[in-house]
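To keep things clear, I will list the structure first and then write my remarks on it.
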Amino acid sequence: MPEATEKQRKYSSPSFLEKLLEKVANLQPDGAVGTVQDVTGLCVTIRGLEGLVSIGDRIVIHARSGSTIQSEVVGFHEAQARVMAFGSLEGIGPGCEAQIPLSGQSCASLGVNESWLGRVIDPLGVPMDGKGPLIPALTQQPVLSSPPNAATRARLGDRIDLGVRALDAFTTCRRGQRLGLFAGSGVGKSTLLSMLVRGADFDVAVIALVGERGREVREFIEDDLGPEGLARSVVVIATSDTPPLMRRDAAVSAMAIAEYFRDQGKSVLLLMDSVTRYCMALREIGLSAGEPPATRGYPPSVFAELPKLLERAGPGYPGQGMITALFTVLVEGDDHNEPVADAVRGILDGHIILDRKIGEQGRYPAIDVLRSLSRAVPGCNSAEENRLTRQARAIMATYERMADMIRLGAYKSGTEKDVDEAIRLMPQLDAFLSQGKNERSRCLEAFEQLGTIMASAA
């Protein structure tokens, strides 16, 4: 009897109860199972997981056909989880089982390593090129991460050769810089990206094709990129027919892969085509989750997520590598002031404009030099190089101002000295700005050629 009393005192003591409550609170079940309540549009509502999941957690839904579909929690309605699938919703209906092992609740990650070079994958890290499975990595690279601390990350590096004369001379780029490529459809964005992959000075290229046409994927890889470009690249693809989560993750997964190689001390070139389709995927996700539409139908979360993605590119911490990034923006109706273009232009370190009219005249790449800008130019070019570009810009601006009168024959030679000089030099400048797809250039060569042209100016 005294022994029982001693046990009662032990088990009823405050310290024992506190320890017991702490252990119960920290218990982690092996898995949690819920059921599908309803399917509305792109969203699936799941009950039975209240208090066990949060935004970004992954859930596996078991369809009636026996297949399993991976999904992600994008919102909640009255404590019930609302998820979107990474695949088709066919075969999913009320009563289907939804399961999430707690070991998979954390943010998604990719097992990136050097063997990924030369491979074509989807946003989940599944090979698409038929070359067999990827070699497993010892560590996982998180897909979602914060940008390096703004106060302690490295500054921009030295000047980088992009391999395109017009860019090297007029929008000179430094390592770790982020540029936007703004253009309408069919103006030559993909061709310019392929020229950068083959001609730019870097160690690794990461290419994200977000919402790309399925027909053009092999053409880009085999014709534009080629074996030489692919050998030092990782290509992440989510075509236009894939669910919005896949298109969104094509961008963030490519950024995570670029961060892995940056952390290895490599110089990385990140090419993303296009940020506009990434924002469209975010719009579909936000509206399906119940967000109200705002600017041109884009919910507020789009413009909150956009800088989180773009700011991850750039210099790493001292001692790490750098991500030099070029993000294409598909301007709707050639409107360069539409919401996505306006937001991206305000975040990045410069912008390159491709003009349809220049392409129609037969000059490729169709770069509008006068409207393009690199904010890093003053810090990486010499005084003489800056003088050459200013002089060339002034001549092109004079010609553009008088172009209509010149074409109509309304301008009389000898009326203005500056206009006469622009008419004489413009054919040489047009030839300088034109470049074949397989032609390569270097920064010093570009400035030498430009200097030769400008030397003949009055």
**OP:** Residue by residue through the range 339-356, note down the ones that are open to solvent by 40 Å² or more (accessible area, probe 1.4 Å) and of a type in the set (Gly, Ala, Ser).
**Re:** 346
Subject >> Every pair of residues 6+ apart whose Cβ atoms lie under 9 Å, when the first sits in the range 187-199 and is touching a residue at least 12 places away in the same chain (Cβ under 8 Å) and open to solvent by 10 Å² or more (accessible area, probe 1.4 Å) while the second is of a type in the set (Ser, Thr, Tyr) and assigned to a loop (DSSP other than H, G, I, E, B) >> reply: 188/364; 189/274; 191/364
**OP:** Of the numbered conditions (1) free of Cβ contacts under 8 Å to residues at least 12 places away in the same chain; (2) under 32 Å from the mean Cα position of the chain (by Cα), residue 446 fails exactly one; give the number of that condition.
**Re:** (1)
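Listed here are the residues, each with its yes/no results for (1) surrounded by 16 or more Cβ atoms within 10 Å (Cβ to Cβ); (2) in contact (Cβ under 8 Å) with a residue 40 or more places away in the chain.
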{"position": "33", "(1), (2)": "no, yes"}
{"position": "36", "(1), (2)": "yes, yes"}
{"position": "43", "(1), (2)": "yes, yes"}
{"position": "51", "(1), (2)": "no, no"}
{"position": "58", "(1), (2)": "yes, yes"}
{"position": "62", "(1), (2)": "yes, no"}
{"position": "66", "(1), (2)": "no, no"}
{"position": "70", "(1), (2)": "yes, yes"}
{"position": "74", "(1), (2)": "yes, yes"}
Original post:
Got a number for residues in the range 402-434 being in contact (Cβ under 8 Å) with a residue 12 or more places away in the chain and in contact with a Gly (Cβ under 9 Å, 6 or more places away or on another chain)?
Top reply: 1
Original post:
With respect to residue 318, is the statement that it is under 21 Å from residue 152 (Cβ atoms) and assigned to a helix (DSSP H, G or I) true?
Top reply: no
Subject >> Residues of the range 200-256 satisfying the condition of being outside any strand (DSSP E or B), of a type in the set (A, V, I, L, M) and crowded, with 20+ Cβ neighbours inside 10 Å >> reply: 200, 221, 225, 230, 245, 246, 250, 251, 252, 254, 255, 256
**OP:** Working only within the range 142-176, note down all residues that are out of contact with any Gly (no Cβ under 8 Å at 6 or more places or on another chain) and polar (S, T, N, Q).
**Re:** 145, 146, 149, 152, 172
Subject >> Among the residues listed as 322, 280, the single one being farther than 27 Å from residue 200 by Cβ, in contact (Cβ under 8 Å) with a residue 24 or more places away in the chain, among the aliphatic types (A, V, I, L, M) and open to solvent by 20 Å² or more (accessible area, probe 1.4 Å) >> reply: 280
Original post:
Can you name the number of the only condition in (1) open to solvent by less than 10 Å² (accessible area, probe 1.4 Å); (2) assigned to a helix (DSSP H, G or I); (3) closer than 23 Å to residue 131 by Cβ that residue 271 fails?
Top reply: (2)
Subject >> Test: residue in the range 136-159 that is on the phi > 0 side of the Ramachandran plot and out of contact with any Cys (no Cβ under 8 Å at 6 or more places or on another chain) >> reply: no
Original post:
Counting residues that are open to solvent by less than 20 Å² (accessible area, probe 1.4 Å), which helices (runs of 4 or more DSSP H) fully inside the range 363-458 reach at least 3?
Top reply: 383-408, 417-433, 443-455
Original post:
Under 9 Å by Cβ, and 6 or more places apart or on different chains, what pairs join a residue from the range 119-134 that is assigned to a loop (DSSP other than H, G, I, E, B) with one that is among the hydroxyl-bearing types (Ser, Thr, Tyr) and loosely packed, with under 14 Cβ neighbours inside 10 Å?
Top reply: 134/115
Subject >> Hey, residue 166 over 19 Å from residue 389 (Cα atoms) and over 20 Å from the mean Cα position of the chain (by Cα) or not >> reply: no
Subject >> Options 261, 303, 327: the member that is of a type outside the set (Val, Ile, Thr), part of a helix (DSSP H, G or I) and open to solvent by less than 30 Å² (accessible area, probe 1.4 Å) >> reply: 261
Original post:
In the list 240, 253, 288, which residue meets the criterion of being touching a helix residue (DSSP H, G or I) at 6+ places or on another chain (Cβ under 9 Å), among the polar types (S, T, N, Q) and either over 25 Å from residue 187 (Cβ atoms) or touching a residue at least 40 places away in the same chain (Cβ under 8 Å) (or both)?
Top reply: 288
Original post:
For the range 122-145, does any single residue satisfy the condition of being under 30 Å from residue 388 (Cα atoms) and crowded, with 23+ Cβ neighbours inside 10 Å?
Top reply: no
**OP:** With the condition kept exactly as written, say whether any residue in the range 179-190 is outside any strand (DSSP E or B) and hydrophobic (A, V, I, L, M, F, W, C).
**Re:** yes
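The values are calculated or read from the model by the stated rules, or taken from the named source; none is laboratory data. All of these numbers come straight from a predicted model, not from anything done at the bench. FYI the Cβ positions are ideal-geometry reconstructions off the backbone, even for glycines, and counts take in every protein chain you see. The protein model used for the area step is the full one, side chains on, heavy atoms only, and it has no ligands, DNA or RNA in it. Shrake-Rupley method; radii C 1.70, N 1.55, O 1.52, S 1.80 Å.
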